[in-house]
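Chemist: I am attaching a structure below and will ask some questions about it afterwards.
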Amino acid sequence: MPSPHNSLFTMVMVVVLTLCVTSNSSAGANNQARRSASSYSAGQGTAAGSSLHTELALTPPMGWNSWNAFEKEIDEDKIKAIADAMVSSGMRDASYMYLVLDDAWMASDRDRDGRLAADPKKFPSGMKAIGDYIHSKGLKFGIYEDRGHLTCQQLPGSFRHERIDMETFAQWGVDYIKMDSCFAESNGRMSSEDYAIYRRHIQATGRPIVLSISDFGNAAWAWGGKESAQLWRTSGDIYPWMDSVYHCADTSAGDQSIHPAFNGLWQFAGPGHWNDPDMLQVGNLKDTDEDRKEIADRAHFSLWCILAAPLMAGNDLRTMSDKVRDVLTAPELIAVNQDVRGIQGYKVYDDGDREVYNKPLSDGTTAVLLLNKGREKADITVQWDKIGLSGSQPVRDLWARKDLGEFEDSFTARDLGRHEHKMIKVGRTGPPLPIPATMPLEKYTVTRKGATYLSDLYYIWKAGSAPIYDATYGGGPMSIAGQTFKKGLGCKSKCAVMFKVDGRADRFQAIAAMDKSSNENAEGRFRAYNEDFFANKVLWDSGKMTRHSPAKEIDIELRDVQCLMLVFDGKDVLGNWADARVISEGD
Ligand code: GAL
């Protein structure tokens, strides 16, 4: 993130940041969508105020975005050449529809009427013209903006221009908006409020436009992103190295951003709303030897396909090698990603290095990824009973496009080196296989009257280190001034967790104290927020505390709080939210 942020936000985010032939039916749906989008003009479409156009993203959006390849260096000629290459390379026919211009397309000033304008040097013909060109190629036109007063590249953002900007985009023929979040922390609005505003203004234009939430992974799945948008980021920015690729994948598939009990974010994705671990770096990866690049590219692509992630290519299509093109357009991989059942694949095995993912498909078969992330060679097995099957099952290798035969009870991918994997399809066509039960509501939100201890709920978002439940971060009993507490959250700075209370909690009560193990002068600070960092709606603030500060008792009213975020901040210190609970006074 290149922009200056509010310091707490930056600190927490830095921690977070360390680091498909389309099935006949979906190809048909995409072609249909392509035809209607290119013949569309602003002012037509569904009535203003109608609900979100989920039908625009019944399968994960596919396209190309300028950022990973070019960053700020975009211009009319380059973008036209990319549009041409999307067609000539076969990307468009493989369902890559959206050509999205990321940051730095705009002039540094709005025009006299307050409208955004194209950078006159980079896009002398203007944005409508570039949109027309993109449409003339049978593609759809995507554009970037930011909900702060500036974009991440410090160009005019849409804050206080929400309506005029959405109208302008509709007039230019925009089909997809990536709405970023740099500088949004000074808007005074929560993310849920901000994105709802954009959704309303988009709806009012009458043009069907996909809205992509770019908020560095700040819990859109928790605060209701799907009411406003078809996709939302689950991660910070992706970089062209495999650690970053794996980190981003794990924000969606692992416990980087949610309590481990959820087994990733799969239950929050589905037709019309998708988790987005960021754009593809296929073709850009820098940290692998030349002869192993294809292996890494394939691992990255297989992960995005099995995770039903939006497939937004980010490489220079004008100079793409055949190898890279073959990865990006692999028909049987794209078919897994675009499967109309829309299940996000989830892990069925993970020992830190070796992982197995399962994605049950609409035709009764299931796609399985067996991936070795480790340095040691490994055999990786998937047992049929872990993916809802038994007995003898046919297996097909989706990269090789070859049937491998029948396998009894399990399949083993042998001798997999680093980043090597097998992406297979298992089973026979028939009724769809069952999927695991989603997390029951009572496990992560308030469902009854009286007190609900937060340590009896699973947090729905986290950044930094996760809290320890019912003990100090060191694992000892939580004791404050001689009193021991059975319930609570033991934190190590920096620790931010969000609990989904769904407006059902009337009070938040807890006792906040630094752990007595903290160093003499080490400082920590406890804060409770309404939703996320963006609005900076601090509900309670301990101020700086040391281990000598008396414990602070919290008893505050919560009004219409959907998500309660608890943050413990400091440097290598431990703090305890003892007896942390919400009280529901109603029925
Ligand atoms: C980041 C965003 C990137 C890219 C960049 C442009 O905040 O996550 O995907 O859009 O801004 O400045």
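The values are calculated or read from the model by the stated rules, or taken from the named source; none is laboratory data. Bear in mind the structure is a predicted one, so any value in this text is a computation, not a measurement. Note: ideal-geometry Cβ built from the backbone for every residue, glycine included; neighbour counts use all protein chains shown. Heavy atoms of the whole protein, side chains included, go into the accessibility calculation; ligands, DNA and RNA do not. Shrake-Rupley method; radii C 1.70, N 1.55, O 1.52, S 1.80 Å.
Chemist: Being part of a loop (DSSP other than H, G, I, E, B), open to solvent by 10 Å² or more (accessible area, probe 1.4 Å) and within 15 Å of residue 185 (Cα to Cα) is the filter here; which residues of the range 131-151 pass it? Lay out the reasoning, then the answer.
Modeler: Filtering the range 131-151 down to residues part of a loop (DSSP other than H, G, I, E, B) leaves 137-139, 147-149, 151.
Retained after the next criterion (residues that are open to solvent by 10 Å² or more (accessible area, probe 1.4 Å)): 137-138, 149.
The answer is 149, and nothing else.
Chemist: Now, a different point. In the range 190-219, which residue that is part of a loop (DSSP other than H, G, I, E, B) and open to solvent by 10 Å² or more (accessible area, probe 1.4 Å) is farthest from residue 256 (Cα to Cα)? I'd like the intermediate steps shown before the answer.
Modeler: Let us first name the residues in the range 190-219 that are part of a loop (DSSP other than H, G, I, E, B), namely 190, 206-209, 214-219.
With open to solvent by 10 Å² or more (accessible area, probe 1.4 Å) added as a condition, the list becomes 190, 208.
On the way: 190: 22, 208: 33 Å.
Here the residue is 208.
Chemist: Restricting to the range 348-379, name every residue that is open to solvent by 20 Å² or more (accessible area, probe 1.4 Å) and either touching a Gly at 6+ places or on another chain (Cβ under 7 Å) or not in a loop (DSSP other than H, G, I, E, B) (or both).
Modeler: Matches in the range 348-379: 348, 349, 350, 353, 354, 377, 379.
Chemist: List every residue pair whose Cβ atoms sit under 7 Å apart, with the two residues 6 or more apart in sequence or on different chains, where the first one lies in the range 54-75 and is more than 20 Å from residue 285 (Cβ to Cβ) and the second, anywhere, is within 12 Å of the ligand (Cβ to nearest atom) and open to solvent by 20 Å² or more (accessible area, probe 1.4 Å).
Modeler: 72/153
Chemist: Then there is this: Counting only residues that are open to solvent by 10 Å² or more (accessible area, probe 1.4 Å) and among the hydrophobic types (A, V, I, L, M, F, W, C), which one in the range 86-115 is nearest to the ligand (Cβ to nearest atom)?
Modeler: That would be 107.
Chemist: Does residue 184 satisfy the criteria of being out of contact with any strand residue (DSSP E or B) (no Cβ under 7 Å at 6 or more places or on another chain), under 23 Å from residue 537 (Cβ atoms) and within 13 Å of the ligand (Cβ to nearest atom)? Steps first, answer last, please.
Modeler: Values: out of contact with any strand residue (DSSP E or B) (no Cβ under 7 Å at 6 or more places or on another chain): yes; under 23 Å from residue 537 (Cβ atoms): yes; within 13 Å of the ligand (Cβ to nearest atom): yes.
So residue 184 passes the test.
Chemist: From the list 285, 317, pick out the single residue that is touching a Pro at 6+ places or on another chain (Cβ under 7 Å), more than 16 Å from the ligand (Cβ to nearest atom) and open to solvent by less than 40 Å² (accessible area, probe 1.4 Å). I'd like the intermediate steps shown before the answer.
Modeler: Values: 317 fails: touching a Pro at 6+ places or on another chain (Cβ under 7 Å).
On inspection, the qualifying residue turns out to be 285.
Chemist: Applying the selection to the range 546-580, what residues are open to solvent by less than 10 Å² (accessible area, probe 1.4 Å) and among the small types (Gly, Ala, Ser)?
Modeler: Answer for the range 546-580, where residues must be open to solvent by less than 10 Å² (accessible area, probe 1.4 Å) and among the small types (Gly, Ala, Ser): 575, 578, 580.
Chemist: Got at least one residue in the range 117-127 being away from the ligand (no atom under 15 Å from the Cβ) and closer than 20 Å to residue 86 by Cα?
Modeler: Yes, that holds for at least one residue.
Chemist: Which residue pairs have Cβ atoms under 9 Å apart, sit 6 or more places apart or on different chains, and have a first residue in the range 195-207 that is at positive phi and a second that is modelled with pLDDT of 95 or more?
Modeler: Going by the 9 Å Cβ cut-off, the qualifying pairs are 206/170.
Chemist: So, one more: Go through 228, 212 for me and flag whichever is polar (S, T, N, Q), within 16 Å of the ligand (Cβ to nearest atom) and modelled with pLDDT of 95 or more.
Modeler: After ruling out the rest, the residue left standing is 212.
Chemist: Same structure, new question: Looking at 253, 296, 335, which one is open to solvent by less than 10 Å² (accessible area, probe 1.4 Å), over 17 Å from the mean Cα position of the chain (by Cα) and within 20 Å of residue 369 (Cα to Cα)? Reasoning before the result, please.
Modeler: Numbers: 253 fails: over 17 Å from the mean Cα position of the chain (by Cα); 335 fails: open to solvent by less than 10 Å² (accessible area, probe 1.4 Å).
After ruling out the rest, the residue left standing is 296.
Chemist: From (1) polar (S, T, N, Q); (2) at pLDDT 95 or above; (3) farther than 24 Å from residue 447 by Cα, pick out the condition that doesn't hold for residue 509.
Modeler: Condition not satisfied by residue 509: (3).
Chemist: So the check is Cβ under 7 Å with 6+ separation or different chains; which pairs have a first residue in the range 541-554 that's assigned to a loop (DSSP other than H, G, I, E, B) and a second one that's surrounded by fewer than 13 Cβ atoms within 10 Å (Cβ to Cβ)?
Modeler: Here the result reads 546/521; 551/481, each pair linking the range 541-554 to a residue that is surrounded by fewer than 13 Cβ atoms within 10 Å (Cβ to Cβ).
Chemist: Here is a follow-up. If the requirement is being within 25 Å of residue 223 (Cα to Cα) and touching a helix residue (DSSP H, G or I) at 6+ places or on another chain (Cβ under 9 Å), which of these qualifies: 500, 537, 487?
Modeler: So the residue among 500, 537, 487 that is within 25 Å of residue 223 (Cα to Cα) and touching a helix residue (DSSP H, G or I) at 6+ places or on another chain (Cβ under 9 Å) is 500.
Chemist: Please determine, by comparing only the residues of the range 160-181 that are surrounded by 21 or more Cβ atoms within 10 Å (Cβ to Cβ) and assigned to a loop (DSSP other than H, G, I, E, B), which one is nearest to the ligand (Cβ to nearest atom).
Modeler: 181
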